[in-house]
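The values are calculated or read from the model by the stated rules, or taken from the named source; none is laboratory data. A quick note: this is a predicted structure, and the numbers were derived from the prediction, not measured. Positions of Cβ are generated from backbone atoms using ideal geometry, with glycine treated the same way; all protein chains shown enter the neighbour counts. We work out accessible area using only protein heavy atoms, side chains counted, and drop any ligands, DNA or RNA first. Shrake-Rupley method; radii C 1.70, N 1.55, O 1.52, S 1.80 Å.
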Amino acid sequence: MPGIHLSTTFERAPDGTFPSGYAYVRDGNPNRQALESALAQLEGGAAAVTFASGMAATMAVLQALSPGDHVVAPLDAYFGTAKLLGDHFARWGLEASFADLTDAAALRAALRPNTRLVWTETPSNPNIAVTDLRAVVEIARGAGALTACDNTWATPFLQRPLELGVDVVMHSTTKYLSGHSDVMGGAVITRETGPLSERLRALQGTGGAVPSPFDCWLVLRGIRTLPWRMRAHCANAQRIADRLSSHPGVERVHYPGLPSDPGHAVAARQMAAPGGMLSFVVPGGRARAFEVAARLRLFTRATSLGGPESLVEHRASIEGEKTRAPEGLLRLSIGLEHPDDLVADLEQALR
Ligand SMILES: Cc1ncc(COP(=O)(O)O)c(C=O)c1O
C-alpha cells in the first residue's frame, strides 16, 4: 500500500531544483499525485485536479470562466451548484440560466452568444432524470460552448462522459468514489491538457482548497473496490425499484432501471447500469413521507450518498423553499446490505 506523506515541504538540491518533484504541499504531494493519476485514467482524461470537496471542485470550474460569461445549468442541478451560480457567481458577473437539459429545445432556447459552458448532472437529484450527454455536447459545440458533467452519481464505472464528447468531468469524491462515508473531496478531470486544465491547476494551488494527503489516500483506497461496490449498489437498487413500483402505498418510483422510467432508453445507452440512487413518492405529502422515513429501521435518515449504509432523505425539507422536490418524495441511497433486508424494511415502513 502507498505510504501517507504528511510532509508539508520538500528539500531543494544544491542547484535549487526539487529532486522529489515536489516543493510545497499546497502545490503537490505524492498522495494527491497518485489519486489524480488514478482519476484521470478512470475517466479517460488527460489531467485530473483534486479539491477539498465537490463544491470546491465546482467552484474552480466556474472560476475558470470569466465575468460576463454565461452558463447553462440543469433545472434540477444539485442545490449547492444552483446556489453557487445563483448567489455567489451572480455577484461575480457570471450569468446563469437554468433549463431542462433532457429537452433539446429547452437547451437551445437557453443558449446566448456569450454561453461558454453547459453544465450537466446525470442522473439528477432527486428525480433521477437522465440527460443524453451526446445530444447536449452536439448542441453546446454548435454554440461554441464547453460541456461539463457532474459524474458523482454515476461514477466512471457506470458512465464515462469524456468518451461521449464532454470536455470536463466533475466529482464529489465524498460519495461513491471513496465509498465509505468517511472522507470529503472533489475532482475535476479534463479531456485535454491546455489553458483550462492549467487554470484549474493554478486555482487549486493558489486558491488552496486542496485535499489533505490522508484524504487522498482514503479516496484512492476506496477506488480499489469501486466496481464491486457499484455492482452491488445497482443490483440492490434494481430489486428495490422493482418492488416499490408495484407497491400499493407508492405513487411513483424514479429509477432509470425501470422500463417505464422516462430516462430508461438513454440510461441503457449511456450507462453500464442505472446506479444506486432512487427516489419514490408516497401519497399524503410531507406528513406521510416523514412517517415512512421515521419507521425505516435499516435505512439511516441522513443526507449524502454512496456509502455502504443505506440512507433515506426527505429532499424538500433539506433544500428549503426553492426546492423542486415534491413533498411526498423520499430519496434513497441504496447501500450494500442484503437486498432482502432492505426490501423487508421498506415493506414494514410502508405498511
Ligand atoms: C451531485 C452532487 N454534486 C456535488 C455535490 C457536492 O459535493 P461535496 O458535498 O463533496 O462538496 C454533491 C453532494 O451531495 C452531489 O450530490
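Summary table below
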| item | result |
| --- | --- |
| Dipole magnitude of the chain, debye to nearest 20 (Cβ charges: Lys/Arg +1, Asp/Glu -1, about Cα centre) | 120 |
| Accessible carbon and sulfur surface of region 59-195 relative to its total accessible area, %, 1.4 Å | 51 |
| Most mobile listed residue (Asp132, Asp261, Asp182) in the chain, GNM with C-alpha springs under 10 Å | Asp182 |
| Length added when fully stretched, Ala46-Gln33, from 0.36 nm per residue minus Cα-Cα | 3.3 nm |
| Phe290 - accessible surface, heavy atoms, 1.4 Å probe, Å² rounded to 10 | 70 |
| Exposure ranking of Met184, Met230, Met55 by accessible area [1.4 Å probe, largest first] | Met184, Met55, Met230 |
| Residue-normalised accessible area of region 164-222, expressed per residue, 1.4 Å probe, Å² | 36 |
| Charge tally in the Cβ shell below 11 Å around Thr206, where Lys, Arg are +1 and Asp, Glu are -1, Thr206 excluded | +2 |
| Cα convex hull volume per residue for region 1-40 (Å³) | 78 |
| Alpha-carbon spread of the chain, three principal axes, descending order, Å | 75, 50, 35 |
| Heavy-atom accessible area per residue - region 53-100, 1.4 Å, Å² | 38 |
| The chain: calculated mean residue ellipticity at 222 nm from DSSP helix runs of at least 4, using -39500 (n - 2.57) | -11000 deg cm²/dmol |
| Surface share of carbon and sulfur [accessible, 1.4 angstrom probe, percent] for region 286-351 | 51 |
| DSSP-defined antiparallel bridges as percent of all bridges, the chain, nearest 5 | 55 |
| GNM flexibility winner over the chain from Glu43, Glu192, Glu291 (Cα, springs under 10 Å) | Glu291 |
| Solvent accessible area, Å² - Ser7, 1.4 Å probe, full protein context | 50 |
| Where Arg297, Arg229 fall by accessible area, highest first, once all protein chains stay in place (1.4 Å) | Arg297, Arg229 |
